[in-house]
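Peer 1: Got a structure for you, questions after.
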Amino acid sequence: MKYYSTRDKNNVVSFKTALMEGLSKDGGLFMPQSIPLFPSSLIAEIDKYSFIEMNYKIAINFIGDEIPPNELFSIVANSVNFPAPLVELTEQFTILELFHGPTLAFKDFGARFMAKTMEYFARGSDREINILVATSGDTGSAVANGFYGIEGIKVYLLYPTGKVSFIQEKQLTTLDKNITAIEVYGTFDDCQKLVKEAFMDEELNEKLNLSSANSINIARLIPQTFYYFNSFSNLKEKKKQMIISVPSGNLGNLTAGIFAARMGIPISALIAATNKNNVFTEFIRTLKFNPRNSVQTISNAMDVGNPSNLERLVELYRGDIGKIRNDVFSFSFDDEATLAGISELYERFNYTIDPHGAVGYLALKQFMNSRPNEKFTGIVFETAHPAKFNDSVQKATGKKVEIPQRLAASVEKKKKSIPLSNSYADLKELLLGR
């Protein structure tokens, strides 16, 4: 499989190059030249394959022979070595729990897979790799955990000060060795802008071997298709329409859903659930993209005012943005509604959900209410463990969530971060060690 830049179809590279560069030198995002379509017979018998076996089949179609089959199988098996259970609340409403990885967030799927593929290609290299990550919360901790202790790779986590939860910040700032946390005075969009500016800086790239671990990196996006396949595989009733509600910020998770649908998973509709940062919801309604500064919410991983993966999404539809509305719907909800959603799920089903999942639940509920006569199975992606947002969950339910041991361990550690303005010049000086 070869990859091209969204800004220049003649700029074609290998998977390794797309992985290691992260962002194309022309500023575009890498896309596969084609999306593999699985035979209908395989999809019909999908539940015969284990989670690892199916994930391997997906991965080898995107990577080909750049990684030997036995090595690739090992990468898949060791990076996604945790479950993604489907919890049925009613016949029409299920929740896919994506928080059973090491950092208790769905980002573990992409971050760990990318870390292990990058580690494979970095073997024997005499040039250190420097990974820049902009995070609004869970990406940073997942990437840090995935790359922790890997020789020859340094990771710099840029996060907005005061705009991640207490536990998320502890996960970001309490690792040592090759992980450095940078606390930016600004928003997530400022952090993302700094990372993109670094990749476009020729002088910096001559001196440092840079790569990205955000969802702009195609190796983060590919493994996100894994759990779409897993959702369908674990459904009891596969003949109903499958509707998936995806809490959405930078749109990587949503874009992976379009990939999965084109690969053969019968997804009838995808719902992009957004919080008050509803740039994409407005885009779906008006077909006009109006990026703006993000605002802080209790579902902070979705606090994105200029989603990077919209460029990939538009490319998937060959620039015909009107056609996106054939497959994707979008609804947005503020913090008050989010808290009410958490409370409602707890009272109706005794199920505790985090603020991001609650936004997904509300969006699915709105979609379902608009189609009362249709038969379908609705799936909400629950993207993070509710303990990571204990203040909000306790406010909504009156109950405190028990903190899993691997989260509690980070709370006891001392925070270590480097404060930084949102000026690119300051980031450049820091990276160059001046």
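Read-outs throughout are calculated quantities, based only on the coordinates presented, and are distinct from any laboratory measurement. Treat the numbers as computed from the prediction; the structure is a model and nothing was measured. Here the Cβ positions follow ideal geometry from the backbone for every residue, glycine too, while neighbour counts run over all protein chains shown.
Peer 1: About its Cα centre, what dipole magnitude does the chain give when the only charges are +1 on Lys and Arg Cβ and -1 on Asp and Glu Cβ, stated in debye to the nearest 20?
Peer 2: 420 debye
Peer 1: What does the charge count around Val380 come to, taking other residues whose C-beta lies under 15 Å from its C-beta (Lys +1, Arg +1, Asp -1, Glu -1)?
Peer 2: In short, -4.
Peer 1: A further question follows. What number, in percent, do you get for the relative contact order of the range 1-124 if the mean sequence gap of Cα pairs under 8 Å and at least 6 apart is divided by its residue count?
Peer 2: After rounding, I find 18 percent.
Peer 1: Using a Cα-Cα cut-off of under 17 Å, which lysines could be cross-linked to Lys414, ignoring same-chain neighbours fewer than 8 residues away?
Peer 2: Lys170, Lys177
Peer 1: Under 5 Å between amide H atoms, partner at least 5 residues away or on a different chain: which partners does Ile129 have, H built in plane at 1.01 Å?
Peer 2: Ile153, Lys154
Peer 1: For the range 293-404, what does the alpha-carbon gyration tensor say about shape, rounded, prolate or oblate, given a ≥ b ≥ c as the root eigenvalues, a/c under 1.5 as rounded, and a/b over b/c as prolate?
Peer 2: oblate
Peer 1: How large is the convex hull of the Cα atoms of the range 1-153 per residue, expressed in Å³ as a whole number?
Peer 2: Residue-normalised Cα hull volume stands at 156 Å³.
Peer 1: Quick one: what are the phi-derived ³J(HN,Hα) couplings along the range 212-220, Karplus 6.51/-1.76/1.60 with θ = phi - 60°, whole Hz, x for glycine and proline?
Peer 2: Result, rounded to whole Hz: 10, 10, 6, 6, 5, 7, 4, 6, 7.
Peer 1: Additional query: What number, in percent, do you get for the relative contact order of the range 281-434 if the mean sequence gap of Cα pairs under 8 Å and at least 6 apart is divided by its residue count?
Peer 2: 17 percent
Peer 1: A further question on this structure: With charges only on Cβ, +1 for K and R and -1 for D and E, what is the dipole size of the range 1-160 about its Cα centre, in debye, rounded to 20?
Peer 2: Magnitude of the dipole: close to 480 debye.
Peer 1: I've got another one for you. Which of the listed residues, Ile60, Ser41, Ser79, is farthest toward the dipole's positive end in the range 31-80, when Lys, Arg count +1 and Asp, Glu count -1 at the beta-carbon?
Peer 2: In the range 31-80, that residue is Ser41.
Peer 1: Restricting to DSSP H runs of at least four residues, report the calculated mean residue ellipticity at 222 nm for the chain, -39500 (n - 2.57) per run over all residues, nearest 500 deg cm²/dmol.
Peer 2: -12000 deg cm²/dmol
Peer 1: Read phi for every residue in the range 306-315 and hand back ³J(HN,Hα) as whole Hz from Karplus 6.51 cos²θ - 1.76 cosθ + 1.60, θ = phi - 60°, with x for Gly and Pro.
Peer 2: 9, x, 5, 6, 4, 4, 5, 4, 5, 5
Peer 1: Starting with the highest mean, order 175-185, 84-94 by the number of other Cβ atoms within 10 Å, averaged over the residues of each peptide.
Peer 2: Result, highest mean first: 175-185, 84-94.
Peer 1: Next question. Determine the dipole magnitude for the range 180-236: charges of +1 sit on the beta-carbon of Lys and Arg, -1 on that of Asp and Glu, nothing else is charged, the reference point is the Cα centre, and the result goes in debye to the nearest 20.
Peer 2: Approximately 560 debye in magnitude.
Peer 1: Moving to a separate point now. Choose one of Asn293, Leu208, Ile265: the residue whose Cα lies farthest towards the positive end of the charge dipole of the range 198-293 (beta-carbon charges +1 Lys, Arg; -1 Asp, Glu; about the Cα centre).
Peer 2: The residue sitting farthest along the positive end of the dipole is Ile265.
Peer 1: Anything over 26 Å Cα to Cα? Flag those among Lys107/Lys400; Lys163/Lys416; Lys25/Lys154; Lys25/Lys415; Lys375/Lys395, in the order listed.
Peer 2: Lys25/Lys415; Lys375/Lys395
Peer 1: May I pose another question? Which of the listed residues, Phe329, Asn390, Ala363, is farthest toward the dipole's positive end in the range 312-396, when Lys, Arg count +1 and Asp, Glu count -1 at the beta-carbon?
Peer 2: The residue sitting most towards the positive pole is Phe329.
Peer 1: Report the dimensions of the range 371-433 along its three principal axes from the alpha-carbon atoms, largest first, rounded to Å.
Peer 2: 61, 32, 21
Peer 1: When a/c is below 1.5 the answer is rounded, else prolate if a/b is larger than b/c, else oblate, so apply that to the chain with a ≥ b ≥ c taken from the square roots of the Cα gyration tensor eigenvalues.
Peer 2: rounded
Peer 1: Right, here's the next one. Within straight cross-link reach of Lys196, meaning Cα distance under 13 Å, which aspartates and glutamates are found once same-chain residues fewer than 8 apart are removed?
Peer 2: Partners found: Glu21, Asp26.
Peer 1: Moving on to the next point. How high is the relative contact order of the range 132-263, in percent, with contacts defined as C-alpha pairs under 8 Å that are six or more residues apart?
Peer 2: 23 percent
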